[in-house]
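The values are calculated or read from the model by the stated rules, or taken from the named source; none is laboratory data. Quantities reported herein were computed from a predicted structural model and do not represent experimental measurements. Glycine gets a Cβ as well: all are built from the backbone with ideal geometry, and neighbour counts include every protein chain shown.
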Amino acid sequence: MDIKRIIGCFELDDSQTTMEYGTYYKALMDVPFSSSKRNVRVWLPEEYDFNDSNKCYPVIYFSDGQNLVNKYLTAFGDWGLDKVAHSFYLDKKKSFIAVGIDSPKEDQTREEELSPYATDRGGVKKPLADIFVSFIVSDLKPIIDKEFYTLTDKANTAIAGSSMGGLMAFYGGAKYNDTFGFSLDFSPAFLLYTKKRWKEILDSLNLMMKLDSKFYFFVGGKGFERKFIKSTFYTFEYMKEIGFDSDHIKIEHNKKLIHHEDSWNMYLYDAINFWLK
């Protein structure tokens, strides 16, 4: 099977990589939450057949797209998503497409882009996460669905992220629940808000949430990661109280793990399985 070099506005990325499975495409796009263009990256599983339009795939959208499959693109490490997806396919005979939007290196800019509200304990005064998620829903998803073989319904569309990206993904899954049926929230940065303010935010999102959506939380417990535990468990318990059952919400806590891509890699398989089971 020949691999296409160009798919719509996306070009095959065959630069040096630590990726072992699948193919990788990228396109430099204008985005409404930044004055600078941003790389959007698409990872296709190895069994993706460019000649078989009858075989379509679920899609999961990530922030920090540079951190998904290639250590050469990031100073922190990558999720090893291609390797997790390969194992998942061997075990479950199910695959998915991953789409990642690159995030800026500057912490302040990244916090603004991925915060849905001005923060109490951070320096975010101009939150842009709603514009970020709206871009995925209104602009990016239609492009992906046009150019690739995708399953377009809610159950097969997910949003994901870690840390600030986990905060964004939770917000996106809660508010834009007609589009996203699954939200992967690893070490979400709920701690940027006081408990009182976060309760107010959850109460406002409660009016929009649908109990048929799925949410998966992970939090570690070592070093800096300890700060994320209370707010993550508080959110999990809040959602249970408003009616989410064990088929639609799950949390994993590993006290030995730090705030890092290697930790999130360890729970990615379980999160994907919770989504696609």
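Okay, residues lined up against (1) in contact with a strand residue (DSSP E or B) (Cβ under 6 Å, 6 or more places away or on another chain); (2) in a helix (DSSP H, G or I); (3) modelled with pLDDT under 95; (4) not acidic (Asp, Glu):
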| residue | (1), (2), (3), (4) |
| --- | --- |
| Phe50 | no, no, yes, yes |
| Lys55 | no, no, no, yes |
| Asp82 | no, yes, no, no |
| Thr109 | no, yes, yes, yes |
| Pro116 | no, no, no, yes |
| Asp120 | no, no, yes, no |
| Asp130 | no, yes, no, no |
| Phe135 | no, yes, no, yes |
| Ser138 | no, yes, no, yes |
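Name the single residue that is farthest from Phe217 (Cα to Cα) among those in region 228-268 being part of a helix (DSSP H, G or I) and over 20 Å from the mean Cα position of the chain (by Cα).
Taking the candidates together, the pick is Glu241.
Out of (1) closer than 29 Å to Asn54 by Cα; (2) of a type in the set (Gly, Ala, Ser); (3) in a helix (DSSP H, G or I), what's the single condition that is false for Ala174?
It is condition (1) that Ala174 fails.
Of these, Val59, Val31, Val42, which one is touching a Phe, Trp or Tyr at 6+ places or on another chain (Cβ under 9 Å), buried (at least 17 other Cβ atoms within 10 Å of the Cβ), farther than 26 Å from His260 by Cα and of a type in the set (Val, Ile, Thr)?
Val31
Within region 127-136, work out how many residues are touching a helix residue (DSSP H, G or I) at 6+ places or on another chain (Cβ under 8 Å) and either surrounded by fewer than 17 Cβ atoms within 10 Å (Cβ to Cβ) or in contact (Cβ under 8 Å) with a residue 24 or more places away in the chain (or both).
Counting residues in region 127-136 that are touching a helix residue (DSSP H, G or I) at 6+ places or on another chain (Cβ under 8 Å) and either surrounded by fewer than 17 Cβ atoms within 10 Å (Cβ to Cβ) or in contact (Cβ under 8 Å) with a residue 24 or more places away in the chain (or both) gives 6.
Can you tell me which condition Ser35 does not meet? The list is (1) within 21 Å of Leu140 (Cβ to Cβ); (2) in a loop (DSSP other than H, G, I, E, B); (3) in contact (Cβ under 8 Å) with a residue 40 or more places away in the chain, and all the others hold.
Of the numbered conditions (1) within 21 Å of Leu140 (Cβ to Cβ); (2) in a loop (DSSP other than H, G, I, E, B); (3) in contact (Cβ under 8 Å) with a residue 40 or more places away in the chain, the odd one out for Ser35 is (3).
Could you figure out which of (1) on the phi < 0 side of the Ramachandran plot; (2) at pLDDT 95 or above isn't true of Leu207?
Here Leu207 meets the rest and fails (2).
Given the criterion under 21 Å from Asp64 (Cβ atoms), hydrophobic (A, V, I, L, M, F, W, C) and touching a residue at least 40 places away in the same chain (Cβ under 8 Å), identify the matching residue among Phe215, Phe224.
The match here is Phe215.
Looking only at region 33-46, which residues are over 20 Å from Lys105 (Cβ atoms) and under 19 Å from the mean Cα position of the chain (by Cα)?
Residues satisfying the conditions are Val42, Trp43, Leu44, Pro45.
For region 178-220, how many residues are in a loop (DSSP other than H, G, I, E, B) and touching a Leu at 6+ places or on another chain (Cβ under 7 Å)?
Looking only at that region, the number is 3.
Please list, ordered by first then second residue, the pairs with beta carbon atoms under 6 Å, 6 or more apart or interchain, first in region 184-197 and touching a residue at least 24 places away in the same chain (Cβ under 8 Å) and under 19 Å from Phe218 (Cα atoms), second β-branched (Val, Ile, Thr) and assigned to a loop (DSSP other than H, G, I, E, B).
Pairs that qualify, where the first residue is touching a residue at least 24 places away in the same chain (Cβ under 8 Å) and under 19 Å from Phe218 (Cα atoms) and the partner is β-branched (Val, Ile, Thr) and assigned to a loop (DSSP other than H, G, I, E, B), are Leu192/Thr119.
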